Each structure stands twice: as structure tokens, then as C-alpha cells.
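What follows is a single structure, written as C-alpha cells, with notes after it.
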Amino acid sequence: TISVDDFEKKLSAADVQLVDARTPEEYKDGHLKNALNIDVSSSGFAEQISKLNKNKPVLVYCLAGSRSAAAADKMADMGFTEVDNLDGGIIKWRNAGKPTEEGEGAPKRQGMTMDAFNRLTASKQYVLVDFNAKWCEPCKKMAPYLDQLSAEKHDKLLLAKIDADDNPELLKQKNITGIPYLELYKN
């Protein structure tokens, strides 16, 4: 796992292979230029990866870094000699101001503005903000506990769930570089 700056330096090499380990839908919403979309959670991952050159460097990323770390481990087990994972994924890449491109037909997502976020968190109640994603396993594991807490404290606590995929600009403005990420506000 390497930093955004080191990833960018290695990306400039002519013989590097770049893999986006996210779903096709996520890839369509924005990816690094010239990245191959090979979804680590798909049943065809091993078959698609095996078509790459095992002796050339591979750079791999996902949204936050956990799926691409799993992909890097699988590639190492398959005999790839050099595999580097982007620390913090495309979230950190974007927060560092690095370029991405959108796939054809990608929806233009506005997401929540910082003003709307500030209005949401300006409540007299406690506001627990859960930055998450549908595909994020740790987020899925935390969800029932957060929902239970929200139900038990409904008179004192508002639970606000914000999808990282739908709100990349808000995450960038708040310098959130990984999920799940929780913030608690009052007034």
C-alpha cells in the first residue's frame, strides 16, 4: 500500500498496468485515466486478472482502499511480482486534487452541498453523521448498531446517513479520506 504521491509517480511509468477494483457502476461514476475495471467482488476476477502480465507492475485502487488491498493480495497469490495498492483509494486521490474521468453516460450527481450539511448538523438535537457506502463491509456491519442507537435515542439523536459514492465533493470538502466515518454534532 503506497501514498497518493508515490502512486502517481509509479503511474507515470510506461509499462504499468492500472486496475480499478470497484464495481462497473462505481467505475462509470469516475476513475483514473486508462484504468481497467476488474471488479474484485465479481466471480470472473481471477480470470480477468490472469490476462494481465504478471511480470509488469500493477497499480490497483478502489474507493477507500480495502477492496483493492484484497485484490492486491489475490494477485500476489497468483504470482504477480509487483502489485501496489493506493492508500485511501480514489477518495484520497480526489482529496489530493488528482484528476479522474467519468465513464460514458455517467450520471451527474450533485450530492449534498456544504451549506446543506451545515443546516443538517445545526440541530439542537445530537446529529450523528454516518459517511458510508452500500458496498462497504465495515459500514454494513455498523449499520444495525447505528440504527438501534437511533431508535433508542430518537428523542435526542438524529442519524444522518451520507453515501460516499453520491457525495464525493462533500467528502473532499470535509477532507474525509476513508469510510466508515462518523461525526457527532450538537448546535
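Brief remarks on what is shown
- Each residue of segment 151-158 was assigned a 3J(HN,Hα) from its phi angle through the Karplus curve 6.51 cos²θ - 1.76 cosθ + 1.60 (θ = phi - 60°); the sequence is 5, 5, 10, 4, 7, 10, 9, 10 Hz, with glycine and proline shown as x.
- Of the trypsin sites (Lys or Arg not before Pro) found in segment 15-87, those in coil by DSSP whose Cβ has at most 16 other Cβ atoms within 10 Å are Lys33, Lys51, Lys54.
- Dipole-positive endmost among Ala64, Trp93, Ala164 within the chain (Cβ charges, Cα centre): Ala164
- The loop-placed GluC sites (Glu not before Pro) in segment 89-187, going by DSSP, that have at most 12 neighbouring Cβ atoms within 10 Å of their Cβ come out as Glu104.
- Segment Lys134..Ala151, full-extension length gain: 4.0 nm, with 0.36 nm per residue of separation and the alpha-carbon distance subtracted.
- Distant-in-sequence amide H partners of Val19 (H built 1.01 Å from N, under 5 Å): Leu36, Leu59, Val60, Tyr61
- Lacking any other cysteine beta-carbon closer than 4.7 Å, the following Cys residues of the chain have no compatible partner: Cys62.
- Solvent exposure of the chain amounts to 54 Å² per residue of accessible area, where only protein heavy atoms count and the probe is 1.4 Å.
- With DNA, RNA and ligands ignored, accessible area of Ser41 (1.4 Å probe; Å², nearest 10): 90
- For segment 73-155: rounded, prolate or oblate by the Cα gyration tensor [a/c cutoff 1.5]: oblate
- Loop-located trypsin sites (Lys or Arg not before Pro) in segment 119-174 (DSSP state not H, G, I, E or B) with no more than 13 neighbouring Cβ atoms inside 10 Å: Lys124, Lys134, Lys156.
- Where a label projected 7 Å from the Cα of Ala46 along Cα→Cβ would reach, residues of segment 1-39 with amide N under 17 Å: 39
- Each of Ala76 and Asn187 was given a label point 7 Å from its Cα along the Cα-to-Cβ line. The distance between the two points is 5.0 nm.
- Mean ellipticity per residue at 222 nm, deg cm²/dmol - from DSSP H runs of n ≥ 4 across the chain, formula -39500 (n - 2.57): -10000 deg cm²/dmol
- Charged side chains reduced to their Cβ positions (Lys and Arg at +1, Asp and Glu at -1) give the chain a dipole of some 420 debye around its Cα centre.
- With every protein chain in place, the chain: carbon and sulfur % of accessible area (1.4 Å): 49
The values are calculated or read from the model by the stated rules, or taken from the named source; none is laboratory data. Keep in mind the model is a prediction, meaning the values are calculated, not measured. Glycine also receives a Cβ, built like all others from the backbone with ideal geometry; neighbour counts cover every protein chain displayed. Note: areas computed on protein heavy atoms with side chains; ligands, DNA, RNA excluded. Shrake-Rupley method; radii C 1.70, N 1.55, O 1.52, S 1.80 Å.
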